[in-house]
Amino acid sequence: MPYDVTITKRETGESRSYTHPSEWTDNYIWCEGNYACDCNRAQFFAECVGEDDPNILCSDNLYTVSIAVDGKVVYEDDTQTAESPAAA
Ligand SMILES: [Zn+2]
């Protein structure tokens, strides 16, 4: 079943939502995978309102997401704090 994604831009507090066409399996891609990265989140955030992909640099703290399947929240960044990569 497709799932609903709400992306919030931390800087402005603005939230946008869209329906992600893939099947929900687990939170890996949002938590650890490609969609945990702000470059992808920024693209989704822009596409929600038909804007172009801003092509921002990779980072991991500019956007937060909340994901719901069939109206039930299955993943939220704020409740599963992202691990900060250790400064090498
Ligand atoms: Zn990236």
Could you tell me whether ASN40 is at pLDDT below 95, under 21 Å from VAL73 (Cβ atoms) and crowded, with 16+ Cβ neighbours inside 10 Å?
no
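Does segment 16-25 contain any residue that is part of a loop (DSSP other than H, G, I, E, B) and touching a Lys or Arg at 6+ places or on another chain (Cβ under 7 Å)?
Looking for residues that are part of a loop (DSSP other than H, G, I, E, B) and touching a Lys or Arg at 6+ places or on another chain (Cβ under 7 Å), one finds none in segment 16-25, hence no.
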Restricting the search to segment 25-41, which residues are free of Cβ contacts under 8 Å to residues at least 12 places away in the same chain and away from the ligand (no atom under 11 Å from the Cβ)?
THR25, ASP26, TYR28, ILE29, GLU32
Output the residues belonging to segment 18-41 that are of a type in the set (Gly, Ala, Ser) and within 10 Å of VAL65 (Cβ to Cβ).
ALA36
Using beta carbons and a limit of 6 Å, which pairs, at least six apart or on different chains, have the first residue in segment 43-64 and in a loop (DSSP other than H, G, I, E, B) and the second one among the hydroxyl-bearing types (Ser, Thr, Tyr)?
CYS48/TYR18
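The values are calculated or read from the model by the stated rules, or taken from the named source; none is laboratory data. This structure is a prediction, so every number in the text was calculated from the model and none was measured. FYI the Cβ positions are ideal-geometry reconstructions off the backbone, even for glycines, and counts take in every protein chain you see.
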